[in-house]
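Single-structure report; data block below.
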Amino acid sequence: MCSQEGDDYRLLKEYANGFMVSQVLFAACELGVFELLAEALEPLDSAAVSSRLGSSPRGTELLLDTCVSLKLLQAAVRGGKAVYANTELASTYLVRGSPRSQRDMLLYSGRTAYVCWRHLAEAVREGRNQYPKAFGIPSEELFSAIYRSEDERLRFMEGLQDVWRLEGASVLAAFDLSPFPLICDLGGGSGALARACVSLYPRCRVIVFDIPGVVRMAKRHFSAWEDERISFHEGDFFKDPLPEADLYILARVLHDWTDAKCCHLLQRLYQACRTGGGVLVIESLLDADGRGPLTTLLYSLNMLVQTEGRERTPAQYRALLAPAGFRDVQCRRTGGTYDAVLARK
Ligand SMILES: C[S@@+](CC[C@H](N)C(=O)[O-])C[C@H]1O[C@@H](n2cnc3c(N)ncnc32)[C@H](O)[C@@H]1O
């Protein structure tokens, strides 16, 4: 094999095995490996891990050694046996309750997104999400499918907030939002981004607008409502009156919907917006030619298998915002997962 052929073959194997790597991560989170090792007073051998997790000795040993190879765990030899501990990566991002934990998003990816991705070829053929095949439920009402049980609603809300603990401040700092004292976070979920907002702009107030079941859950399971600068408002942003505000945030909302639904929502929001106000769209931006970055292209396919929408280029966001009446559209890339687009009324 020439060296180019060797490189191509290696790349092919890396792509083909990518799903196995994801599953190792998901399974270790699901089983509670990282919490167990975080709570243990010393590194544990695989027999101790399997007995405390109630998992098979053979499966546990294989999983732990693969986690070492993936740098999720570190191994040392004690008394002739391998003992395992979390790496810095696992302690920071994988342990439940760590301030930067991404565990809930990984659980959501493993239990829900992955099941829809199983049907990617059908999604491409049909051009629609795969809830009917993945979970046996209709998806004409998108969020009735996404929130098909109370557990699933909570899992979605918990998963979605993880990223804002890491990237909320940088995406909200992409533009100076201090001229906007009253902000409405439409489809604001648990209120995690609202919290990042009042922490960065202490003088602003934020209304989190979402559907009643989500607001109920946010008050029961999350703590944003305890901040007096944050309030919650229930409603359907396609139908119900929108609260008046200086700035509307749409974070990972437009990517759920078709162009027609986005236009309808932006027109309603323009009507409700105070003069001189604006809208801040927070999404992962595609390159101008639509062929990168890879992560955003994968997110766009994720929207295909799970929603009615897609990720978009800056020009595609401009084309949605301008007909609604918004002007001075500016796009800023943050270098993180999510970018910011600000437009003014
Ligand atoms: C993809 S999530 C994004 C949540 C949050 N903005 C974030 O970035 O973490 C979309 C949000 O829109 C809300 N939503 C969907 N349809 C809605 C509607 N018709 N009216 C109000 N909120 C809606 C969902 O409940 C959910 O919280």
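Structure values in brief
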item: Within the stretch 239-286, considering residues that are small (Gly, Ala, Ser) and touching a helix residue (DSSP H, G or I) at 6+ places or on another chain (Cβ under 9 Å), the one farthest from Val329 (Cα to Cα); result: Ala245
item: Which numbered condition Ser223 misses (of (1) at pLDDT 95 or above; (2) in the same structural domain as Thr334 (by TED's automatic domain parsing)); result: (1)
item: Boolean, Ala324 is touching a residue at least 24 places away in the same chain (Cβ under 8 Å) and either more than 16 Å from the ligand (Cβ to nearest atom) or outside the structural domain of Gly189 (by TED's automatic domain parsing) (or both); result: yes
item: The one condition in (1) at pLDDT 95 or above; (2) at positive phi that Ala28 fails to fulfil; result: (2)
item: Qualifying helices (runs of 4 or more DSSP H) (wholly inside the stretch 45-152; at least 3 residues being over 25 Å from the mean Cα position of the chain (by Cα)); result: 46-53, 57-69
item: Pairs with Cβ under 6 Å, 6+ apart, first in the stretch 172-201 and among the hydrophobic types (A, V, I, L, M, F, W, C), second more than 15 Å from the ligand (Cβ to nearest atom) and in a helix (DSSP H, G or I); result: Leu172/Leu200
item: Filter pass, Arg252 being under 28 Å from Pro202 (Cβ atoms) and within 13 Å of the ligand (Cβ to nearest atom); result: yes
item: The stretch 138-147 - residue that is surrounded by fewer than 17 Cβ atoms within 10 Å (Cβ to Cβ) and away from the ligand (no atom under 11 Å from the Cβ) and, of those, farthest from Thr337 (Cα to Cα); result: Pro138
item: The stretch 170-195 - residue that is closer than 15 Å to Val341 by Cα and surrounded by fewer than 17 Cβ atoms within 10 Å (Cβ to Cβ) and, of those, farthest from the ligand (Cβ to nearest atom); result: Asp176
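Conditions (1) under 15 Å from Ser91 (Cα atoms); (2) surrounded by 12 or more Cβ atoms within 10 Å (Cβ to Cβ), marked per residue:
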| position | (1), (2) |
| --- | --- |
| Gly18 | no, no |
| Glu30 | no, yes |
| Ala40 | yes, yes |
| Leu44 | no, yes |
| Val49 | no, yes |
| Gly59 | no, yes |
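Residues are listed down the side, and each one gets a yes or a no for (1) part of a helix (DSSP H, G or I); (2) of a type in the set (S, T, N, Q); (3) farther than 13 Å from Leu186 by Cβ; (4) away from the ligand (no atom under 16 Å from the Cβ):
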position: Ile282; (1), (2), (3), (4): no, no, no, no
position: Leu285; (1), (2), (3), (4): no, no, yes, no
position: Met303; (1), (2), (3), (4): yes, no, yes, no
position: Gln316; (1), (2), (3), (4): yes, yes, yes, yes
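The values are calculated or read from the model by the stated rules, or taken from the named source; none is laboratory data. Here the structure is a predicted model, which is why all the values come from computation and not from measurement. Don't worry about glycine lacking a Cβ; one is built from the backbone with ideal geometry, like all the others, and counts go over all protein chains shown.
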